[in-house]
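**Q** Let me begin by handing over the structure; questions about it come next.
The values are calculated or read from the model by the stated rules, or taken from the named source; none is laboratory data. All values derive from a computational prediction rather than experimental measurement. Cβ coordinates were reconstructed from backbone atoms using ideal geometry, including for glycine residues, and neighbour counts include every protein chain displayed. With ligands, DNA and RNA removed, areas are computed over all heavy atoms of the protein, side chains included. Shrake-Rupley method; radii C 1.70, N 1.55, O 1.52, S 1.80 Å.
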Amino acid sequence: METFEMKKSFLLASVAAVALSMLSLETAAFAQQAPTASRAQPVSPAAQAESQQEPLGLPLYRDQFQTILEIFELLADNNQVAPFKAEWEHKFDHNSDLMTEEGTNRAIEQLVKVGTRLGCPEQPDYKCMYMRALRAYMQFHYSPDSPVNMADPIQRARWVAEWEHKFDSEPAVFKSDAATLNAIRLMRDSLHLRFDYVQSRERTVTETKTRKANFGGLGIHVGMNNRDNVALGSRLTVLVHEPPSSSPSYGLVHYGDVVLKIGDRAVAEMTIGEVEKALFGEPGSKISLTIRRGGQSADARMMTVSLERAYTPDPSGNIIKTGITDAGVPIEFVGEDGLALGPGFELVANGAEKGTPADGIVEPGDLIVSVDNQTLAGKTVNQAVELLRGAADSPVTLTVERNGQRKEFTLKRAVIQEHSVLLESLGDGINLLHIRSFYAQNLGADLATAIAKTVLPLASKTLRTAGDADSLKKAARFDELKANLDKGQILEDDMVSIAVEAREVYEKGGTGGGFILNLADNPGGDVEQVKQAIGLMLPFGETSEVVRRLPGTDEIEVTESFLTPDLEFVTVHHGGKTSAMPKPRVPLLLPSNLPFVIIINGSSASGSEWLAGVMQSNHRARLHGLGSRGKSEGQSGVDIPYGFSLHVTNFEFFPGGQKSNVTGLVVDKEVLGDLTAMVNSAREEIYALNKQQLLRFDATQKQSRARIEGFERKVRERAAVDGMPLEQQDPVYLQ
């Protein structure tokens, strides 16, 4: 489970609970006076009661305890729950440590350290860890596409019987991290879960910090140099994911198949780039794959499948015609996170975030050689990233290789705000917003700021065209806020009303401009961040239908969400009963009549498909690019003992009520080529939409003038009949 840092903002009011490792406290809570009575002196009963008032950090501790307890009850042994609850529930009720932020953090760290072991001993017991993973799948897993329905008691019991003692006769399995994690992966593969992950300690920590959205670091964007030239050898496994029904390989390869050969060449002798390239070829050409099906089990078998590359139809039947095409085999390189850095495979800087310690010092293309004199050779990418991070204000020495020469820099770490958005102006009032993912918890505020920076100048232009004093005064307010946002200010609660007013001004009389949202290669992220993004941009309509299993039960819950201009309605169907819960919606900031295009591609997945699908099904945005990945299943992050974690599929969502799992979203306009081609296509559509809007506006103006002229004519006709002066005619009776 994770507890995300909460901020006092409507944009960040939602908290998704997944991973218990990080938290921070609202410092405002600790600005109050602590009790001043001295414990060393005799006190009256009243003073004693006052001195025993509830510590300020206790509510946060209790929330964290309750979150951990819920998981503990599901995954630990039954006889371990009561002792854990007795020891930790009230452990700090009257502890003065919880009067400070630092003390509360220490208390919760102790709780998390014990609680996330889920009853396993402090020294690694890998069989215990394996059993906690088994229970996680047993208690959380739900997928209509899986061969095992964990909500069915009979199927669940059969699966548990198969895997509970599967490795008892192989003691080596429970002797190391690697062997146990491999056993857990085999167990996962039996469920055919396309997007479930078994994560290392390093990956678990990195993911938690990314979700937290602020941490001590240098602000460097890093990647893997020369990735395509890394040889697979025995370090990587090429794992097949389930192909979509439109793929040439559908029905011939299945999730969990391991690719051993492509043609006559063993993948162990190939590089990552060669494997990816080998799947492509001329349409009509053939390719053979030798695969192992059944994992490492006794009934595993090898087979060769022959596939013909073809123009692949999308779900609507349209033909995607490209010069080359793949065989429709979606693959994953298992073990890539564990690859060791070394010569020819270094950590490379892709640039630095503006305003961070590395800005202006580390340049794109720099190879990061060592951190604090610790060489990165032999370390994984995640391990290297953790070396770059550290406490804010702590010094760090960085050695890089630039143009064949080594350079050394000593920098001071700072709190890095993880921003997943980048706003780019394309001119003519059209802005392009890139969203890399929906993980960072400050995404709602960043997105609101980007929308406001797009709309404010368009609304100001509309008001200045009107030219009256009130309009000019309002336009000046819009310009002032836009200038502050351009300087790095984030849209705060007290500024939202101005942004809403700007949206209303544009809706009433604005023309021109546009908004392009780039979700290409966006893998998704946190559900609550996606919901906030939808609320900021969708005026009304159905936002989602979510079908999920209630953890630890056999019950399925269906939740439908609808937006109106003022409210969000959430309808829950569960146990034969239906309940509706209206609540205030996220303020709408994107004008409902502003031209809006979303870019997606085959790597747009999960949350990005949710957002794009909602906008498309409600006719709010047009989709350009290529069909999406088809991942409309969601996962819960579950910590298991000793710092590892799982992603477990437990719900399916239907964006705007439409099914897109496996098949993916169908674009309104297919665009082949790179991102530049897709952006150009989106911009051309916005120009066309604006032209249509101007034509409609001109037609409306002509109709209005015609009505006014007709009205005036009637007044004159009546004046002529009645013999009264024109100004004395009462127009009410002429309507």
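**Q** Considering only residues that are in contact (Cβ under 8 Å) with a residue 12 or more places away in the chain and among the aliphatic types (A, V, I, L, M), look in the stretch 82-114 and name the one that is farthest from GLY552 (Cα to Cα).
**A** Per the criteria, the residue is MET99.
Yes/no per residue for (1) crowded, with 19+ Cβ neighbours inside 10 Å; (2) at pLDDT below 90; (3) among the acidic types (Asp, Glu):
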position: GLY365; (1), (2), (3): no, yes, no
position: GLY378; (1), (2), (3): no, yes, no
position: VAL381; (1), (2), (3): yes, yes, no
position: GLU386; (1), (2), (3): no, yes, yes
position: ASP393; (1), (2), (3): no, yes, yes
position: ASN403; (1), (2), (3): no, yes, no
position: ARG406; (1), (2), (3): no, no, no
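**Q** I would also like to ask the following. Against the conditions (1) surrounded by 15 or more Cβ atoms within 10 Å (Cβ to Cβ); (2) modelled with pLDDT under 90, where does GLY576 fall short? Just the number, please.
**A** Answer for GLY576: the failing condition is (1).
**Q** May I ask you to verify whether PHE651 is assigned to a strand (DSSP E or B), open to solvent by 10 Å² or more (accessible area, probe 1.4 Å), free of Cβ contacts under 8 Å to residues at least 60 places away in the same chain and of a type in the set (Phe, Trp, Tyr)?
**A** Values: assigned to a strand (DSSP E or B): yes; open to solvent by 10 Å² or more (accessible area, probe 1.4 Å): yes; free of Cβ contacts under 8 Å to residues at least 60 places away in the same chain: no; of a type in the set (Phe, Trp, Tyr): yes.
For PHE651, the condition - assigned to a strand (DSSP E or B), open to solvent by 10 Å² or more (accessible area, probe 1.4 Å), free of Cβ contacts under 8 Å to residues at least 60 places away in the same chain and of a type in the set (Phe, Trp, Tyr) - is not met.
**Q** Now, a different point. Only residues that are in contact with a strand residue (DSSP E or B) (Cβ under 8 Å, 6 or more places away or on another chain), within 17 Å of ILE600 (Cα to Cα) and not in a strand (DSSP E or B): list them for the stretch 504-524, please. If you could, list the steps in order and put the result at the bottom.
**A** Taking the stretch 504-524 as the starting set, the residues that turn out to be in contact with a strand residue (DSSP E or B) (Cβ under 8 Å, 6 or more places away or on another chain) are 513-520, 522, 524.
Next cut, within 17 Å of ILE600 (Cα to Cα) only: 515-520, 522, 524.
LEU519, ALA520, ASN522, GLY524, listed by residue number.
**Q** Mind listing whichever residues of the stretch 630-683 are of a type in the set (Gly, Ala, Ser) and under 28 Å from ALA133 (Cα atoms)? Can you show your working first?
**A** In the first step, residues of the stretch 630-683 are kept if they are of a type in the set (Gly, Ala, Ser); the result is 630, 632, 634, 636-637, 643, 645, 656-657, 660, 664, 673, 677, 681-682.
The answer is GLY630, SER632, GLY634, SER636, GLY637, GLY643, SER645.
**Q** If TYR687 satisfies every condition in (1) open to solvent by less than 20 Å² (accessible area, probe 1.4 Å); (2) at pLDDT 90 or above; (3) of a type in the set (Phe, Trp, Tyr) but one, which is the exception?
**A** Failing condition for TYR687: (1).
**Q** I've got another one for you. Among what's in the stretch 542-556 and is open to solvent by 30 Å² or more (accessible area, probe 1.4 Å), assigned to a strand (DSSP E or B) and not aliphatic (A, V, I, L, M), pick the residue that is nearest to ASP145 (Cα to Cα).
**A** ARG548
**Q** Can I ask one more? So in the stretch 268-309, with the set limited to residues that are among the β-branched types (Val, Ile, Thr) and either modelled with pLDDT of 80 or more or assigned to a loop (DSSP other than H, G, I, E, B) (or both), which one is nearest to ALA183 (Cα to Cα)?
**A** Here is the first cut: in the stretch 268-309, the ones among the β-branched types (Val, Ile, Thr) are 271-272, 275, 287, 290-291, 304-305.
From what's left, either modelled with pLDDT of 80 or more or assigned to a loop (DSSP other than H, G, I, E, B) (or both): 271, 275, 287, 290-291, 304-305.
Details: THR271: 26, VAL275: 26, ILE287: 32, THR290: 23, ILE291: 20, THR304: 26, VAL305: 27 Å.
Checked the stretch 268-309; the qualifying residue nearest to ALA183 (Cα to Cα) is ILE291.
**Q** Evaluate the following for SER636: is it in contact (Cβ under 8 Å) with a residue 24 or more places away in the chain and not in a strand (DSSP E or B)? Spell out the reasoning first.
**A** Values: in contact (Cβ under 8 Å) with a residue 24 or more places away in the chain: yes; not in a strand (DSSP E or B): no.
No; evaluated as a whole, the condition is false for this residue.
**Q** For the stretch 87-180, give me every one of the helices (runs of 4 or more DSSP H) that falls completely inside it and has 1 or more residues that are in contact with a Gly (Cβ under 9 Å, 6 or more places away or on another chain) and surrounded by 13 or more Cβ atoms within 10 Å (Cβ to Cβ). Reasoning before the result, please.
**A** Numbers: elements: 101-115, 126-140, 153-163.
Result: 101-115, 126-140.
**Q** Okay, next question. Does any residue of the stretch 524-541 turn out to be in contact with a Gly (Cβ under 7 Å, 6 or more places away or on another chain), charged (D, E, K, R) and either at pLDDT below 95 or open to solvent by less than 40 Å² (accessible area, probe 1.4 Å) (or both)?
**A** No.
**Q** Here's something else I'd like to know. Anything in the stretch 635-673 that is within 30 Å of SER176 (Cα to Cα) and within 16 Å of the chain's Cα centre (by Cα)? List them, or say none. Step through it out loud before you land on a result.
**A** In the first step, residues of the stretch 635-673 are kept if they are within 30 Å of SER176 (Cα to Cα); the result is 635-650.
GLN635, SER636, GLY637, HIS647, VAL648, THR649 - these are the residues of the stretch 635-673 that are within 30 Å of SER176 (Cα to Cα) and within 16 Å of the chain's Cα centre (by Cα).
**Q** Kindly indicate whether any position in the stretch 583-605 is buried (at least 18 other Cβ atoms within 10 Å of the Cβ) and within 30 Å of ARG132 (Cβ to Cβ).
**A** Taking every residue of the stretch 583-605 in turn, at least one turns out to be buried (at least 18 other Cβ atoms within 10 Å of the Cβ) and within 30 Å of ARG132 (Cβ to Cβ).
**Q** Further, regarding this structure: Can you name the residue in the stretch 470-488 that is touching a residue at least 24 places away in the same chain (Cβ under 8 Å) and open to solvent by 30 Å² or more (accessible area, probe 1.4 Å) and, of all such residues, is nearest to the chain's Cα centre (by Cα)? First the steps, then the outcome.
**A** Going through the stretch 470-488, the residues touching a residue at least 24 places away in the same chain (Cβ under 8 Å) turn out to be 474, 478, 481-482, 485-486, 488.
Applying the additional criterion that residues be open to solvent by 30 Å² or more (accessible area, probe 1.4 Å) yields 474, 482, 486, 488.
Values: LYS474: 36, LYS482: 27, ASP486: 25, GLY488: 23 Å.
By that ranking, first place goes to GLY488.
**Q** Might you check whether a residue that is closer than 20 Å to ASP77 by Cβ, more than 27 Å from the chain's Cα centre (by Cα) and modelled with pLDDT of 95 or more occurs anywhere in the stretch 131-148?
**A** yes
**Q** So the check is Cβ under 6 Å with 6+ separation or different chains; which pairs have a first residue in the stretch 147-164 that's basic (Lys, Arg) and a second one that's surrounded by 15 or more Cβ atoms within 10 Å (Cβ to Cβ) and not in a helix (DSSP H, G or I)?
**A** Pairs that qualify, where the first residue is basic (Lys, Arg) and the partner is surrounded by 15 or more Cβ atoms within 10 Å (Cβ to Cβ) and not in a helix (DSSP H, G or I), are ARG156/MET150.
**Q** Kindly provide the set of residues from the stretch 622-648 that are more than 23 Å from SER200 (Cα to Cα), modelled with pLDDT of 85 or more and open to solvent by 10 Å² or more (accessible area, probe 1.4 Å), ordered by number.
**A** Hits for the stretch 622-648 are ARG622, LEU626, GLY627, SER628.
**Q** In addition: Looking for whichever is modelled with pLDDT of 50 or more, part of a helix (DSSP H, G or I) and either open to solvent by 40 Å² or more (accessible area, probe 1.4 Å) or closer than 30 Å to MET495 by Cα (or both) here; the options are GLN80, GLN53. Which one fits?
**A** Numbers: GLN53 fails: part of a helix (DSSP H, G or I).
Matching residue, one of GLN80, GLN53: GLN80.
**Q** Every residue in the stretch 422-469 that is surrounded by fewer than 19 Cβ atoms within 10 Å (Cβ to Cβ) and among the aliphatic types (A, V, I, L, M), please.
**A** Of everything in the stretch 422-469, those that are surrounded by fewer than 19 Cβ atoms within 10 Å (Cβ to Cβ) and among the aliphatic types (A, V, I, L, M) turn out to be LEU422, LEU423, LEU426, ALA466, ALA469.
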